[in-house]
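Chemist: My structure is below; once you've seen it, I'll send some questions.
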Amino acid sequence: MADVPDAIVLKRDRDLEGRENDVWVRRVLMALVAAIPVVALFNVFGQRPDTHTLVGPAASLKIYAPARLRAGLLYEARFHVTARQELKDAYLVLGPGWAEGMSINTIEPSPVSEASNAGRLSLELGHLPAGQSYILFMQFQVNPTNVAFGRRQTVWLTDGKTRLLTFSRDITIFP
Amino acid sequence: MDIAVRGIALFLFVFLLTRVIGRRELSTLQPFDLILLIVLGDLIQQGLTQDDYSVTGAVIAVSTIAALQVLTSYVSFRFRWARRILDGEPLVLVQAGRVIEKNLRRERMTVEDVAEKARASQIASLEDVQWAVFEPSGAISFIPKQ
């Protein structure tokens, strides 16, 4: 029974000739797999919110929302408007990138009115006296089939038809 | 279409995972490993069909995975070079009662692991083993000395 078993090639299967590097290929691939959760901890795949603050002479706007998302995620966008001067009729206008492929579950508090403004979502916040803040919460869910790389999300804060602040960013939605 | 694409992506990822994890982990199913496997299946399902509860969706997902499984087994059958990559190759662990440490280390195995498997095959001592071969399936085949 000293014979080598069928289909076993001793040079290859015992002495590992020609297979020396296989284990390193496996280790490198395993390291790549292990790197995925490490990279995820650094928010590469979302969903930690970012904060962006814009300040103008009439108002400031703080936006708190994630820019990296994944299909199916529930998330919140918070818009914090502070009037530095009286805003007679404040509007928050969201570009279509905010709604494309998203379910908007709720908007709190409900705006005075909602309308389309050349394809944008125009949310009327109403009168804001100087020094007063208005926080608008929007709850979204990414539709499961929604995938996006570099989709533009824009927000405009206006007083009537006067544009006060503009913010723009690109979002990524991983499949 | 999305389900088919997701099915392909997840199949390839899980296939890669099973190849790089190593045969040892796959062949020794401890209770914890079994739980992990079930959890893994659940996680994959969520990413695969997501909120699609339809029979059509399930049929697409299952068909995609079945087709890929047949394809990989055909490629493995047809091409020897592919078989080495897709299935792996056998590894001699013991010859004439002598343990080949280098090959054990390669698979993160200890002599005790091999001895345990030998006992399960009614072999009391590795010295009684002529050949022990770590098969691509993750099992260890023992051929005793005569």
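Chemist: In region A:78-99, what residues are hydroxyl-bearing (S, T, Y) and surrounded by fewer than 20 Cβ atoms within 10 Å (Cβ to Cβ)?
Modeler: Correct list: A:T82 only.
Chemist: Restricting attention to region B:45-101, which residues are within 12 Å of chain A (Cβ to nearest Cβ) and of a type in the set (D, E)?
Modeler: B:D51, B:D52, B:E89 - these are the residues of region B:45-101 that are within 12 Å of chain A (Cβ to nearest Cβ) and of a type in the set (D, E).
Chemist: Here is a further query. What number of residues within region A:112-129 are surrounded by 13 or more Cβ atoms within 10 Å (Cβ to Cβ) and under 22 Å from A:V142 (Cα atoms)?
Modeler: Looking only at that region, the number is 4.
Chemist: I would also like to ask the following. Name, by its number, the condition in (1) in a strand (DSSP E or B); (2) within 12 Å of chain B (Cβ to nearest Cβ) that does not hold for A:V28.
Modeler: Every condition holds for A:V28 apart from (1).
Chemist: Give B:R106, B:R119 a once-over and let me know the one that is more than 17 Å from the chain's Cα centre (by Cα), over 16 Å from B:T18 (Cβ atoms) and either within 14 Å of chain A (Cβ to nearest Cβ) or free of Cβ contacts under 8 Å to residues at least 12 places away in the same chain (or both).
Modeler: After applying the criteria, what remains is B:R119.
Chemist: Please tell me if A:F45 is in contact with a Phe, Trp or Tyr (Cβ under 6 Å, 6 or more places away or on another chain) and aromatic (F, W, Y).
Modeler: In short, yes.
Chemist: Tally time: how many residues in region A:31-74 are among the aliphatic types (A, V, I, L, M), in a loop (DSSP other than H, G, I, E, B) and within 16 Å of the chain's Cα centre (by Cα)?
Modeler: 4
Chemist: Counting only residues that are of a type in the set (A, V, I, L, M) and part of a helix (DSSP H, G or I), which one in region A:1-25 is farthest from the other protein chains (Cβ to nearest Cβ)?
Modeler: Result: A:V25.
Chemist: Is there a residue in region B:43-59 that is loosely packed, with under 11 Cβ neighbours inside 10 Å and closer than 29 Å to B:V114 by Cα?
Modeler: No.
Chemist: For region A:136-166, name all the residues that are more than 14 Å from the chain's Cα centre (by Cα), within 13 Å of A:A77 (Cβ to Cβ) and either buried (at least 17 other Cβ atoms within 10 Å of the Cβ) or within 14 Å of another protein chain (Cβ to nearest Cβ) (or both).
Modeler: A:L136, A:V155
The numbers here are math on the coordinates, done by the rules we state, and not lab data. Keep in mind that what you see is a predicted model, and the values were worked out from it rather than measured. Glycine gets a Cβ as well: all are built from the backbone with ideal geometry, and neighbour counts include every protein chain shown.
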